[in-house]
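What follows is a single structure, written as C-alpha coordinates, with notes after it.
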Amino acid sequence: MDFKSELDEIREAGLYRSLRRMESATQRAVTVEGRTLLMCASNNYLGLANDPRVQEASIRAIREYGTGSGGSRLTTGNTDLHEKLEEELAIFKRTEAALLFNSGYAANVAALTALVGEGDLILSDALNHASLIDGARLSKAQRQVYGHADLTELDALLRGAQGRYRRILIVTDGVFSMDGDIAPLPAICDLAEQYGADVMVDDAHSTGVLGPNGAGTVDHFGLYGRVAVQMGTLSKAFAAEGGYIAGSRDMIDYLVNRARPFIFSTALSPAVIGAARAALQIVREEPHRREQVLAQAEWLRSMLRGEGFTVFPSETPIIGVLIGEAEEAVAFARRLEEAGVYAPAIRPPTVPAGTSRIRLTLTATHTNSDVDAIREAFAVARGAV
Ligand code: PMP
(Lines give C-alpha, C1' and ligand atoms only; values in the text may rest on other atoms or scores of the structure.)
Protein backbone atom coordinates (compact mmCIF):
# COMPACT_ATOMS: atom_id res chain seq x y z
CA MET A 1 0.00 0.00 0.00
CA ASP A 2 1.30 3.42 -0.94
CA PHE A 3 0.13 6.50 0.93
CA LYS A 4 2.68 9.02 -0.28
CA SER A 5 0.38 10.97 -2.59
CA GLU A 6 -2.39 11.04 0.03
CA LEU A 7 0.09 12.36 2.60
CA ASP A 8 1.33 14.98 0.13
CA GLU A 9 -2.24 16.17 -0.36
CA ILE A 10 -2.69 16.55 3.40
CA ARG A 11 0.59 18.48 3.60
CA GLU A 12 -0.34 20.76 0.69
CA ALA A 13 -3.62 21.63 2.40
CA GLY A 14 -1.66 22.65 5.52
CA LEU A 15 -3.44 19.91 7.46
CA TYR A 16 -0.60 17.47 8.13
CA ARG A 17 -0.53 16.28 11.73
CA SER A 18 2.43 14.84 13.53
CA LEU A 19 2.94 13.73 17.09
CA ARG A 20 4.70 15.91 19.64
CA ARG A 21 6.66 14.16 22.34
CA MET A 22 6.26 15.35 25.94
CA GLU A 23 9.39 14.57 27.89
CA SER A 24 7.87 15.14 31.31
CA ALA A 25 4.50 14.78 32.98
CA THR A 26 2.02 17.18 31.42
CA GLN A 27 1.58 19.44 34.37
CA ARG A 28 1.67 23.24 34.42
CA ALA A 29 5.12 23.27 32.85
CA VAL A 30 6.14 20.59 30.39
CA THR A 31 9.38 19.62 28.64
CA VAL A 32 8.95 19.36 24.88
CA GLU A 33 11.97 18.58 22.74
CA GLY A 34 14.29 19.71 25.51
CA ARG A 35 12.51 23.02 26.22
CA THR A 36 10.34 23.86 29.19
CA LEU A 37 7.04 25.35 28.10
CA LEU A 38 3.96 26.54 29.91
CA MET A 39 1.36 23.86 29.18
CA CYS A 40 -1.84 25.53 28.02
CA ALA A 41 -3.51 22.66 26.23
CA SER A 42 -4.17 19.94 28.77
CA ASN A 43 -7.61 18.75 29.83
CA ASN A 44 -6.25 18.07 33.30
CA TYR A 45 -8.54 20.94 34.35
CA LEU A 46 -8.19 20.64 38.10
CA GLY A 47 -4.50 19.78 38.05
CA LEU A 48 -5.18 16.40 39.63
CA ALA A 49 -3.04 14.23 37.33
CA ASN A 50 -0.05 15.00 39.51
CA ASP A 51 -1.83 15.23 42.83
CA PRO A 52 -0.08 12.91 45.30
CA ARG A 53 -3.42 11.69 46.71
CA VAL A 54 -4.57 10.61 43.26
CA GLN A 55 -1.22 9.00 42.48
CA GLU A 56 -1.20 7.12 45.80
CA ALA A 57 -4.74 5.84 45.25
CA SER A 58 -3.72 4.57 41.85
CA ILE A 59 -0.66 2.80 43.26
CA ARG A 60 -2.74 1.28 46.09
CA ALA A 61 -5.20 -0.07 43.51
CA ILE A 62 -2.35 -1.68 41.57
CA ARG A 63 -0.93 -3.26 44.73
CA GLU A 64 -4.28 -4.68 45.71
CA TYR A 65 -5.73 -5.63 42.32
CA GLY A 66 -2.74 -5.88 39.95
CA THR A 67 -1.98 -4.03 36.77
CA GLY A 68 -4.47 -5.46 34.30
CA SER A 69 -8.07 -6.43 34.86
CA GLY A 70 -7.62 -9.54 32.73
CA GLY A 71 -11.04 -9.79 31.18
CA SER A 72 -14.17 -7.96 30.14
CA ARG A 73 -16.62 -6.92 32.83
CA LEU A 74 -18.96 -9.76 31.89
CA THR A 75 -16.23 -12.39 32.22
CA THR A 76 -13.54 -11.92 34.87
CA GLY A 77 -12.82 -8.19 34.85
CA ASN A 78 -15.58 -6.95 37.16
CA THR A 79 -14.04 -5.99 40.51
CA ASP A 80 -15.64 -4.30 43.49
CA LEU A 81 -13.42 -1.34 42.58
CA HIS A 82 -15.27 -0.88 39.28
CA GLU A 83 -18.63 -1.20 40.96
CA LYS A 84 -17.74 1.25 43.72
CA LEU A 85 -16.69 3.89 41.18
CA GLU A 86 -19.94 3.37 39.28
CA GLU A 87 -21.95 3.80 42.48
CA GLU A 88 -20.01 6.96 43.31
CA LEU A 89 -20.51 8.35 39.80
CA ALA A 90 -24.25 7.67 39.97
CA ILE A 91 -24.45 9.54 43.29
CA PHE A 92 -22.39 12.40 41.86
CA LYS A 93 -24.57 12.62 38.74
CA ARG A 94 -27.76 12.02 40.77
CA THR A 95 -28.87 9.16 38.58
CA GLU A 96 -29.98 5.64 39.48
CA ALA A 97 -26.89 4.03 37.97
CA ALA A 98 -23.72 4.53 35.93
CA LEU A 99 -21.61 2.28 33.72
CA LEU A 100 -17.90 2.54 32.88
CA PHE A 101 -16.42 2.28 29.39
CA ASN A 102 -12.79 2.24 28.31
CA SER A 103 -12.80 5.81 27.07
CA GLY A 104 -15.15 8.69 26.62
CA TYR A 105 -15.06 7.91 22.92
CA ALA A 106 -16.15 4.33 23.58
CA ALA A 107 -18.91 5.51 25.94
CA ASN A 108 -20.45 7.70 23.24
CA VAL A 109 -20.19 5.06 20.54
CA ALA A 110 -21.56 2.44 22.93
CA ALA A 111 -24.52 4.51 24.06
CA LEU A 112 -25.59 5.65 20.64
CA THR A 113 -25.26 2.28 18.95
CA ALA A 114 -27.13 0.52 21.75
CA LEU A 115 -29.83 2.99 22.70
CA VAL A 116 -31.07 3.95 19.24
CA GLY A 117 -31.32 2.05 15.98
CA GLU A 118 -33.56 1.46 13.02
CA GLY A 119 -36.79 3.43 13.25
CA ASP A 120 -35.22 6.02 15.59
CA LEU A 121 -33.96 9.56 14.99
CA ILE A 122 -30.85 11.30 16.31
CA LEU A 123 -30.88 15.10 16.27
CA SER A 124 -27.30 16.25 16.61
CA ASP A 125 -25.69 19.68 17.13
CA ALA A 126 -23.42 20.63 14.21
CA LEU A 127 -20.43 21.06 16.52
CA ASN A 128 -20.79 17.81 18.44
CA HIS A 129 -17.63 15.86 19.25
CA ALA A 130 -16.38 13.29 16.74
CA SER A 131 -17.23 10.40 19.05
CA LEU A 132 -20.90 11.43 19.04
CA ILE A 133 -20.81 11.76 15.26
CA ASP A 134 -19.19 8.34 14.89
CA GLY A 135 -21.63 6.75 17.32
CA ALA A 136 -24.55 8.25 15.44
CA ARG A 137 -23.15 7.01 12.12
CA LEU A 138 -22.65 3.51 13.47
CA SER A 139 -26.14 3.34 14.94
CA LYS A 140 -28.76 2.46 12.41
CA ALA A 141 -30.84 5.48 13.39
CA GLN A 142 -31.66 8.31 11.01
CA ARG A 143 -29.53 11.39 11.64
CA GLN A 144 -30.33 15.06 11.27
CA VAL A 145 -27.91 17.81 12.18
CA TYR A 146 -29.14 21.16 13.50
CA GLY A 147 -27.06 24.35 13.34
CA HIS A 148 -24.88 24.90 16.37
CA ALA A 149 -27.16 25.68 19.35
CA ASP A 150 -29.90 26.65 16.88
CA LEU A 151 -33.07 26.07 18.87
CA THR A 152 -35.34 27.30 16.09
CA GLU A 153 -33.96 24.66 13.74
CA LEU A 154 -34.14 22.01 16.45
CA ASP A 155 -37.78 22.94 17.08
CA ALA A 156 -38.56 22.63 13.35
CA LEU A 157 -36.82 19.25 13.08
CA LEU A 158 -38.69 17.96 16.13
CA ARG A 159 -41.99 19.17 14.73
CA GLY A 160 -41.28 17.51 11.38
CA ALA A 161 -40.37 14.25 13.09
CA GLN A 162 -43.58 13.89 15.07
CA GLY A 163 -45.17 10.46 14.75
CA ARG A 164 -42.50 9.17 12.40
CA TYR A 165 -40.03 7.53 14.77
CA ARG A 166 -39.98 5.14 17.71
CA ARG A 167 -37.45 7.20 19.67
CA ILE A 168 -36.05 10.66 19.10
CA LEU A 169 -32.77 11.43 20.84
CA ILE A 170 -31.36 14.96 20.92
CA VAL A 171 -27.59 14.69 21.31
CA THR A 172 -25.37 17.55 22.35
CA ASP A 173 -22.02 18.33 23.88
CA GLY A 174 -22.56 20.01 27.26
CA VAL A 175 -19.48 22.15 26.72
CA PHE A 176 -18.32 22.26 23.11
CA SER A 177 -14.78 21.05 23.01
CA MET A 178 -13.34 23.45 20.45
CA ASP A 179 -15.27 26.67 21.22
CA GLY A 180 -15.77 26.14 24.97
CA ASP A 181 -19.36 27.42 24.96
CA ILE A 182 -22.13 25.77 26.96
CA ALA A 183 -25.10 24.12 25.22
CA PRO A 184 -28.50 25.80 25.79
CA LEU A 185 -29.55 22.74 27.76
CA PRO A 186 -32.62 24.13 29.58
CA ALA A 187 -34.25 25.08 26.26
CA ILE A 188 -33.21 21.73 24.72
CA CYS A 189 -34.88 19.90 27.63
CA ASP A 190 -38.03 22.04 27.22
CA LEU A 191 -38.20 21.17 23.52
CA ALA A 192 -37.54 17.49 24.22
CA GLU A 193 -40.39 17.39 26.71
CA GLN A 194 -42.72 19.30 24.40
CA TYR A 195 -42.15 16.82 21.57
CA GLY A 196 -41.66 13.59 23.54
CA ALA A 197 -37.94 13.28 22.75
CA ASP A 198 -35.03 12.34 25.01
CA VAL A 199 -31.76 14.17 25.61
CA MET A 200 -28.18 12.88 25.71
CA VAL A 201 -25.46 15.24 26.90
CA ASP A 202 -21.71 14.74 26.57
CA ASP A 203 -20.28 16.29 29.72
CA ALA A 204 -16.64 15.45 29.00
CA HIS A 205 -15.46 19.03 29.50
CA SER A 206 -17.86 20.19 32.18
CA THR A 207 -17.68 17.40 34.73
CA GLY A 208 -15.56 18.53 37.65
CA VAL A 209 -15.64 22.06 36.31
CA LEU A 210 -19.21 23.40 36.06
CA GLY A 211 -22.13 23.46 38.46
CA PRO A 212 -22.45 24.10 42.20
CA ASN A 213 -21.34 20.51 42.83
CA GLY A 214 -18.94 20.32 39.90
CA ALA A 215 -21.16 17.66 38.33
CA GLY A 216 -21.36 19.24 34.87
CA THR A 217 -23.94 21.03 32.77
CA VAL A 218 -26.95 19.23 34.26
CA ASP A 219 -25.77 20.49 37.67
CA HIS A 220 -24.91 23.94 36.27
CA PHE A 221 -28.47 24.44 34.99
CA GLY A 222 -30.27 22.43 37.71
CA LEU A 223 -31.69 19.95 35.19
CA TYR A 224 -31.57 16.82 37.31
CA GLY A 225 -34.05 14.20 36.13
CA ARG A 226 -34.52 15.84 32.73
CA VAL A 227 -31.53 14.43 30.78
CA ALA A 228 -31.93 10.71 30.09
CA VAL A 229 -28.33 10.00 29.10
CA GLN A 230 -25.42 11.76 30.81
CA MET A 231 -22.04 10.87 29.36
CA GLY A 232 -18.77 11.78 31.01
CA THR A 233 -15.12 10.96 30.83
CA LEU A 234 -12.51 10.20 33.48
CA SER A 235 -9.77 11.54 31.23
CA LYS A 236 -10.06 15.26 31.87
CA ALA A 237 -10.87 16.78 35.29
CA PHE A 238 -10.72 13.27 36.80
CA ALA A 239 -7.10 12.92 35.71
CA ALA A 240 -7.37 9.27 34.65
CA GLU A 241 -8.97 7.65 31.63
CA GLY A 242 -12.18 5.91 30.75
CA GLY A 243 -15.71 7.11 30.17
CA TYR A 244 -19.13 6.48 31.66
CA ILE A 245 -22.83 6.76 31.01
CA ALA A 246 -25.14 7.72 33.87
CA GLY A 247 -28.90 7.30 33.77
CA SER A 248 -31.75 5.02 34.80
CA ARG A 249 -31.10 1.54 36.18
CA ASP A 250 -32.95 -0.02 33.26
CA MET A 251 -30.93 1.93 30.70
CA ILE A 252 -27.67 0.87 32.34
CA ASP A 253 -28.78 -2.78 32.52
CA TYR A 254 -29.70 -2.55 28.86
CA LEU A 255 -26.24 -1.17 28.00
CA VAL A 256 -24.63 -4.08 29.87
CA ASN A 257 -26.58 -6.40 27.59
CA ARG A 258 -26.32 -4.54 24.31
CA ALA A 259 -23.38 -2.10 24.20
CA ARG A 260 -20.68 -3.83 22.17
CA PRO A 261 -17.75 -1.63 23.34
CA PHE A 262 -18.72 -2.66 26.88
CA ILE A 263 -19.24 -6.35 26.17
CA PHE A 264 -16.23 -7.01 23.94
CA SER A 265 -13.44 -5.06 25.61
CA THR A 266 -11.30 -5.67 28.67
CA ALA A 267 -12.35 -3.77 31.78
CA LEU A 268 -10.47 -0.60 32.77
CA SER A 269 -7.33 -1.30 34.74
CA PRO A 270 -7.30 -0.95 38.54
CA ALA A 271 -4.77 1.91 38.37
CA VAL A 272 -7.23 4.01 36.43
CA ILE A 273 -10.15 3.26 38.73
CA GLY A 274 -8.08 4.01 41.83
CA ALA A 275 -7.03 7.38 40.43
CA ALA A 276 -10.53 8.31 39.27
CA ARG A 277 -12.10 7.48 42.65
CA ALA A 278 -9.61 9.69 44.47
CA ALA A 279 -10.10 12.49 41.94
CA LEU A 280 -13.88 12.29 42.29
CA GLN A 281 -13.56 12.66 46.04
CA ILE A 282 -11.34 15.74 45.59
CA VAL A 283 -13.81 17.23 43.10
CA ARG A 284 -16.52 16.92 45.74
CA GLU A 285 -14.43 18.27 48.61
CA GLU A 286 -12.39 21.04 46.97
CA PRO A 287 -14.69 23.37 45.01
CA HIS A 288 -12.00 26.08 45.08
CA ARG A 289 -10.18 24.20 42.29
CA ARG A 290 -12.99 24.71 39.79
CA GLU A 291 -13.57 28.25 41.02
CA GLN A 292 -9.86 29.00 40.46
CA VAL A 293 -9.70 27.61 36.90
CA LEU A 294 -12.94 29.35 35.86
CA ALA A 295 -11.76 32.70 37.25
CA GLN A 296 -8.35 32.44 35.60
CA ALA A 297 -9.94 31.58 32.25
CA GLU A 298 -12.28 34.55 32.50
CA TRP A 299 -9.37 36.83 33.28
CA LEU A 300 -7.27 35.49 30.39
CA ARG A 301 -10.18 35.91 27.96
CA SER A 302 -10.56 39.54 28.94
CA MET A 303 -6.80 40.15 28.66
CA LEU A 304 -6.64 38.60 25.19
CA ARG A 305 -9.65 40.62 24.06
CA GLY A 306 -7.90 43.66 25.49
CA GLU A 307 -4.97 42.83 23.22
CA GLY A 308 -7.35 42.90 20.26
CA PHE A 309 -7.72 39.16 19.69
CA THR A 310 -11.03 37.60 18.68
CA VAL A 311 -11.83 35.16 21.46
CA PHE A 312 -14.73 32.73 21.12
CA PRO A 313 -17.51 33.37 23.67
CA SER A 314 -17.10 30.87 26.51
CA GLU A 315 -17.53 30.57 30.27
CA THR A 316 -15.31 27.54 30.65
CA PRO A 317 -11.56 26.80 30.85
CA ILE A 318 -11.54 26.33 27.06
CA ILE A 319 -10.39 29.47 25.29
CA GLY A 320 -10.44 29.64 21.50
CA VAL A 321 -8.54 32.46 19.83
CA LEU A 322 -9.51 32.89 16.18
CA ILE A 323 -6.63 33.01 13.71
CA GLY A 324 -8.31 32.08 10.39
CA GLU A 325 -6.45 29.94 7.87
CA ALA A 326 -4.84 26.66 8.87
CA GLU A 327 -1.28 27.65 7.92
CA GLU A 328 -1.52 30.93 9.83
CA ALA A 329 -2.74 29.13 12.91
CA VAL A 330 0.12 26.64 12.72
CA ALA A 331 2.64 29.49 12.34
CA PHE A 332 1.06 31.34 15.26
CA ALA A 333 1.29 28.24 17.46
CA ARG A 334 4.96 27.92 16.53
CA ARG A 335 5.65 31.51 17.54
CA LEU A 336 3.75 31.02 20.80
CA GLU A 337 5.99 28.08 21.47
CA GLU A 338 9.08 30.17 20.79
CA ALA A 339 7.66 32.57 23.39
CA GLY A 340 7.38 29.67 25.89
CA VAL A 341 3.69 28.71 25.57
CA TYR A 342 2.42 25.33 24.40
CA ALA A 343 -1.02 25.80 22.82
CA PRO A 344 -1.61 24.00 19.54
CA ALA A 345 -3.39 25.16 16.42
CA ILE A 346 -6.75 23.52 15.79
CA ARG A 347 -7.53 23.14 12.10
CA PRO A 348 -10.06 21.51 9.78
CA PRO A 349 -11.49 18.91 9.91
CA THR A 350 -11.66 19.42 13.68
CA VAL A 351 -13.09 22.94 13.14
CA PRO A 352 -14.76 24.53 10.07
CA ALA A 353 -12.50 25.96 7.36
CA GLY A 354 -11.54 29.58 7.96
CA THR A 355 -11.93 29.23 11.74
CA SER A 356 -8.54 27.72 12.55
CA ARG A 357 -7.60 28.81 15.98
CA ILE A 358 -5.34 28.53 18.95
CA ARG A 359 -7.12 26.53 21.60
CA LEU A 360 -5.95 27.17 25.13
CA THR A 361 -7.09 25.32 28.18
CA LEU A 362 -6.26 26.46 31.66
CA THR A 363 -5.98 24.29 34.73
CA ALA A 364 -6.34 25.05 38.42
CA THR A 365 -2.56 25.04 38.75
CA HIS A 366 -1.98 28.06 36.48
CA THR A 367 -0.95 31.10 38.50
CA ASN A 368 -1.65 34.79 37.91
CA SER A 369 1.84 35.24 36.53
CA ASP A 370 1.22 32.32 34.12
CA VAL A 371 -1.87 34.08 32.80
CA ASP A 372 0.15 37.23 32.28
CA ALA A 373 2.90 35.24 30.56
CA ILE A 374 0.31 33.79 28.16
CA ARG A 375 -1.01 37.26 27.32
CA GLU A 376 2.54 38.43 26.73
CA ALA A 377 3.32 35.44 24.50
CA PHE A 378 0.24 36.18 22.37
CA ALA A 379 1.33 39.79 21.97
CA VAL A 380 4.84 38.68 20.99
CA ALA A 381 3.54 36.02 18.58
CA ARG A 382 1.34 38.55 16.82
CA GLY A 383 4.09 41.14 16.68
CA ALA A 384 6.28 38.62 14.91
CA VAL A 385 3.83 38.22 11.99
N1 PMP B 1 -16.43 13.98 24.14
C2 PMP B 1 -15.79 15.16 24.05
C3 PMP B 1 -16.61 16.40 23.98
C4 PMP B 1 -14.40 15.20 24.05
O5 PMP B 1 -13.76 16.37 23.94
C6 PMP B 1 -13.67 14.00 24.13
C7 PMP B 1 -12.14 13.95 24.16
N8 PMP B 1 -11.45 14.96 23.66
C9 PMP B 1 -14.37 12.81 24.20
C10 PMP B 1 -15.74 12.82 24.20
C11 PMP B 1 -13.66 11.50 24.25
O12 PMP B 1 -13.23 11.25 25.55
P13 PMP B 1 -11.93 10.35 25.82
O14 PMP B 1 -10.76 11.21 25.51
O15 PMP B 1 -12.05 10.01 27.25
O16 PMP B 1 -12.03 9.19 24.91
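The values are calculated or read from the model by the stated rules, or taken from the named source; none is laboratory data. On a predicted model such as this, the values are computed, not experimentally measured, just so you know. Here the Cβ is made from the backbone with ideal geometry for all residues, glycine too, and neighbour counts use every protein chain on show.
Just checking, which of 232, 214, 242, 222 is away from the ligand (no atom under 16 Å from the Cβ), touching a residue at least 40 places away in the same chain (Cβ under 8 Å) and farther than 18 Å from residue 197 by Cβ?
On the way: 232 fails: away from the ligand (no atom under 16 Å from the Cβ); 242 fails: away from the ligand (no atom under 16 Å from the Cβ); 222 fails: touching a residue at least 40 places away in the same chain (Cβ under 8 Å).
So the residue among 232, 214, 242, 222 that is away from the ligand (no atom under 16 Å from the Cβ), touching a residue at least 40 places away in the same chain (Cβ under 8 Å) and farther than 18 Å from residue 197 by Cβ is 214.
Quickly run through region 94-112 and pick out the residues that are within 15 Å of the ligand (Cβ to nearest atom), over 26 Å from residue 142 (Cα atoms) and of a type outside the set (A, V, I, L, M, F, W, C).
102
How many residues, within region 176-202, are small (Gly, Ala, Ser), assigned to a helix (DSSP H, G or I) and closer than 29 Å to residue 360 by Cβ? Let's see the steps before the verdict.
Start the filter on region 176-202 by keeping residues that are small (Gly, Ala, Ser), which leaves 177, 180, 183, 187, 192, 196-197.
Next cut, assigned to a helix (DSSP H, G or I) only: 187, 192.
Cutting the leftovers down to closer than 29 Å to residue 360 by Cβ gives us 187.
Qualifying residue count, region 176-202: 1.
What are the pairs, 6+ residues apart or on separate chains, where a residue within region 326-345 that is free of Cβ contacts under 8 Å to residues at least 60 places away in the same chain and among the charged types (D, E, K, R) has its Cβ under 8 Å from a residue that is surrounded by fewer than 19 Cβ atoms within 10 Å (Cβ to Cβ) and part of a helix (DSSP H, G or I)?
335/380
Restricting attention to region 336-345, does a residue exist that is crowded, with 18+ Cβ neighbours inside 10 Å, closer than 30 Å to residue 88 by Cα and not hydroxyl-bearing (Ser, Thr, Tyr)?
no
Scan 46, 15, 7, 74 and give me the residue that is among the aliphatic types (A, V, I, L, M), out of contact with any Pro (no Cβ under 6 Å at 6 or more places or on another chain) and part of a helix (DSSP H, G or I). Walk me through it before giving the result.
Numbers: 46 fails: part of a helix (DSSP H, G or I); 15 fails: part of a helix (DSSP H, G or I); 74 fails: part of a helix (DSSP H, G or I).
Criteria check complete, one pass: 7.
Any residue at all in region 275-286 that is over 30 Å from residue 15 (Cα atoms) and in a loop (DSSP other than H, G, I, E, B)?
Step one: filter region 275-286 for residues over 30 Å from residue 15 (Cα atoms), giving 275-286.
Imposing the further condition that a residue be in a loop (DSSP other than H, G, I, E, B) reduces the set to 286.
Checking region 275-286: at least one residue is over 30 Å from residue 15 (Cα atoms) and in a loop (DSSP other than H, G, I, E, B).
Just the residues that are under 29 Å from residue 210 (Cα atoms), within 16 Å of the ligand (Cβ to nearest atom) and not in a strand (DSSP E or B), please, taken from region 138-175.
148, 149, 174
Yes/no per residue for (1) closer than 16 Å to residue 99 by Cβ; (2) buried (at least 24 other Cβ atoms within 10 Å of the Cβ):
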| site | (1), (2) |
| --- | --- |
| 231 | yes, yes |
| 234 | yes, yes |
| 237 | no, yes |
| 244 | yes, yes |
| 254 | yes, no |
| 261 | yes, no |
| 264 | yes, no |
| 275 | no, yes |
| 307 | no, no |
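Residues are listed down the side, and each one gets a yes or a no for (1) closer than 16 Å to residue 198 by Cβ; (2) out of contact with any Pro (no Cβ under 7 Å at 6 or more places or on another chain):
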| position | (1), (2) |
| --- | --- |
| 105 | no, yes |
| 110 | no, no |
| 126 | no, yes |
| 133 | no, yes |
| 139 | yes, yes |
| 143 | yes, yes |
| 152 | no, yes |
| 156 | no, yes |
| 164 | yes, yes |
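Please state which one of 149, 141, 136 is without any contact (Cβ under 8 Å) to a residue 40 or more places away in the chain, on the phi > 0 side of the Ramachandran plot and buried (at least 17 other Cβ atoms within 10 Å of the Cβ).
Working: 141 fails: on the phi > 0 side of the Ramachandran plot; 136 fails: on the phi > 0 side of the Ramachandran plot.
Going through 149, 141, 136 in turn, just one is without any contact (Cβ under 8 Å) to a residue 40 or more places away in the chain, on the phi > 0 side of the Ramachandran plot and buried (at least 17 other Cβ atoms within 10 Å of the Cβ): 149.
Are any residues in region 182-199 closer than 13 Å to residue 167 by Cα and among the aliphatic types (A, V, I, L, M), and if so, which ones?
192, 197, 199
Condition check: of a type in the set (A, V, I, L, M, F, W, C), surrounded by fewer than 20 Cβ atoms within 10 Å (Cβ to Cβ), away from the ligand (no atom under 16 Å from the Cβ) and farther than 21 Å from residue 250 by Cα. Does residue 91 satisfy that? Before you say what the answer is, go through the steps one by one.
Working: of a type in the set (A, V, I, L, M, F, W, C): yes; surrounded by fewer than 20 Cβ atoms within 10 Å (Cβ to Cβ): yes; away from the ligand (no atom under 16 Å from the Cβ): yes; farther than 21 Å from residue 250 by Cα: no.
Spelling it out, it is not the case that residue 91 is of a type in the set (A, V, I, L, M, F, W, C), surrounded by fewer than 20 Cβ atoms within 10 Å (Cβ to Cβ), away from the ligand (no atom under 16 Å from the Cβ) and farther than 21 Å from residue 250 by Cα.
Do the conditions hold for residue 67, that is, is it over 30 Å from residue 348 (Cα atoms), assigned by TED's automatic domain parsing to the domain that holds residue 178 and buried (at least 19 other Cβ atoms within 10 Å of the Cβ)? Even if it seems obvious, please write down each step before you answer.
Working: over 30 Å from residue 348 (Cα atoms): yes; assigned by TED's automatic domain parsing to the domain that holds residue 178: yes; buried (at least 19 other Cβ atoms within 10 Å of the Cβ): no.
Criteria not met by residue 67.
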